[in-house]
Amino acid sequence: MSKNVAITVVGSGYVGLVAAACFAELGHRVVCVDNDEAKVQMLRDGGVPIHEKYLQELLDRYRCGRLEFTSDLRAAACDAQVIFIAVGTPQSQAGSADLSYVDAVASEIARSIDSYKLIVEKSTVPVYTNEWIRRVIERNGVPQELFDVASNPEFLREGTAVTDFLHADRIVLGMDTERAAEMLRRIYEPLASGDYYRKAHAIPGTRTEDDPPPVLMTSTKAAEIIKHASNAFLATKISFINVVANICEAVGADVQEVARGMGLDSRIGSKFLQAGIGYGGSCFPKDVAAFRHVAEQIKVDFGLLREVEKINLEQRQRFFRKVQSVLWTFRGKKIAVLGLAFKGGTDDIRESPALDMVKQMLHEGAAVRAYDPAATEHAKDMIPVGQQMEYVDDVYVAAEDADAVVILNDWPEFAELDLRRLRGILRYPIMVDARNLYDPSAMAELGFSYLSVGRAEVSPAALCGSSRDIAFLPQSA
Ligand code: NAD
């Protein structure tokens, strides 16, 4: 039997497109489907709709060979042995996951099944979704022996998606039958065996031939819960360190020292202990809400997650007040904003705390000149160019004559600014940094007033007094 599998991936977004390119890299024949005709055409023409390291390289390698793009789901499903569903599962009005895209795709797949198919949910979905997909397919008259439904949650992070996929911490495969298990093992065999890492063209990363990713075989329900629980736990870690940061600020301790001290404990780990303006993006906010909703539905009290969400929103407000504390009022002020995407390394602006912050600044009457290495075009759709809103393609153009520079995400280039040059072109040498990219005492020495998160505010010796001391004075004082 051939080791290679005929795969269809439905959805060509951050997860679907990356998974499709990586499956092709593993030797499989892949058809990537999307109902967005413009996206499909762009992919066929050699374009890449998202910003991801190594993605262009992989698409160029396989586009004219074992990787194809189409909007014809039925034909693609008909030809496939395994169909991965990787469409969006946004938050519904009620806070639960909106599964209507998954439902629509499952019904469409059902209409094209005439030989055995394995249907795999890769989208992040609540427990029992597997069961619902099975029911939808059966309702469409497909006999049980012609299909299985499995769960293979995806843990990639935007910005490092290709590396994360091929050098995964773990591969979780949830299924309830042996034939589904056998097919999924075949798909991931090059990674699980370590063979992939021997290849000359392998995408570099942390995994090696001797240390391949572990494969965890579980029930479908456990796989679904693993994904929700993992994201909810990471979000909890972020909210936790943000509250610790607020304590540090109040007592004059440095949250980075505290986080390092905590993170060196191997039971805790250092990742996701960076204080900032809270989590955003297309996953954490909706996944925390969806997991909380699942718990409510089955009458399990998960109040902890409500608190995590509350802290996350408060952290944004707290940072906004911090910016205000140095500017006093926003009206008439020019602010240089660095970072629009929800984090560095991606062009994704969904649920971006940075955009939220810009909206508030504009609402308060400030003029914003913003720069982001990849997210500007998407941001323009949310906050159009206007009298008060300008987008530029250079940090120093953004900073020219600005009253303050505000760093909102963690692109590596924001941590390597020419600070002397920056100080020279700003109207006032003020930096408010939501990502703690600089050392406060070095900033004071360079002549900056520097405010970060969970660390003491510093000012150059000439400027006495902290803006925090005066932040709560009446505005007329
Ligand atoms: P996305 O919005 O970038 O992509 C979804 C794609 O599906 C879009 O291109 C859309 O046009 C397409 N689509 C929607 N309905 C369709 C249909 N009926 N037929 C064909 N195509 C259709 O979403 P994403 O970020 O890739 O996320 C997909 C899923 O993976 C979500 O459940 C998400 O929670 C999960 N996930 C995302 C990430 C991430 O970092 N983005 C990581 C892990 C898991």
So the check is Cβ under 9 Å with 6+ separation or different chains; which pairs have a first residue in the stretch 60-89 that's over 15 Å from VAL33 (Cβ atoms) and within 11 Å of the ligand (Cβ to nearest atom) and a second one that's part of a helix (DSSP H, G or I) and open to solvent by 50 Å² or more (accessible area, probe 1.4 Å)? THR89/TYR101
For the condition at pLDDT 95 or above, charged (D, E, K, R) and open to solvent by less than 60 Å² (accessible area, probe 1.4 Å), what is the one hit in ASP394, ASP401, ASP418, ASP381? ASP394
Identity of the residue in the stretch 15-44, free of Cβ contacts under 8 Å to residues at least 40 places away in the same chain and away from the ligand (no atom under 14 Å from the Cβ), that ends up surrounded by the fewest Cβ atoms within 10 Å (Cβ to Cβ): ARG44
What tally of residues in the stretch 208-239 results from selecting those that are in a loop (DSSP other than H, G, I, E, B) and open to solvent by 40 Å² or more (accessible area, probe 1.4 Å)? 4
Looking at (1) open to solvent by 20 Å² or more (accessible area, probe 1.4 Å); (2) of a type outside the set (A, V, I, L, M); (3) touching an Asp or Glu at 6+ places or on another chain (Cβ under 7 Å), which is the one condition that is false for GLU108? (3)
The residue that is surrounded by the fewest Cβ atoms within 10 Å (Cβ to Cβ), considering only those in the stretch 311-330 that are aromatic (Phe, Trp, Tyr) and in a helix (DSSP H, G or I), is PHE320
Helices (runs of 4 or more DSSP H) lying entirely in the stretch 352-420 (those with 1 or more residues that are under 27 Å from SER282 (Cα atoms), of a type in the set (Phe, Trp, Tyr) and touching a residue at least 12 places away in the same chain (Cβ under 8 Å)): none
What do you reckon, is TYR54 hydroxyl-bearing (Ser, Thr, Tyr) and either at positive phi or near the ligand (Cβ under 10 Å from one of its atoms) (or both)? yes
Run down LYS199, LYS227 and say which single residue is closer than 30 Å to VAL149 by Cα and charged (D, E, K, R). LYS227
Hey, among the residues in the stretch 138-165 that are among the hydrophobic types (A, V, I, L, M, F, W, C), within 15 Å of the ligand (Cβ to nearest atom) and not in a loop (DSSP other than H, G, I, E, B), which one's nearest to VAL5 (Cα to Cα)? PHE165
Touching a Gly at 6+ places or on another chain (Cβ under 7 Å) and buried (at least 24 other Cβ atoms within 10 Å of the Cβ) - does that describe any residue in the stretch 2-9? yes
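The values are calculated or read from the model by the stated rules, or taken from the named source; none is laboratory data. Keep in mind that this is a model prediction, so the values were computed, not measured. Because the Cβ atoms are built from the backbone with ideal geometry, glycine has one as well, and the counts that use them run over all protein chains shown. Calculation scope for accessible area: heavy atoms of the full protein, side chains included, ligands and nucleic acids excluded. Shrake-Rupley method; radii C 1.70, N 1.55, O 1.52, S 1.80 Å.
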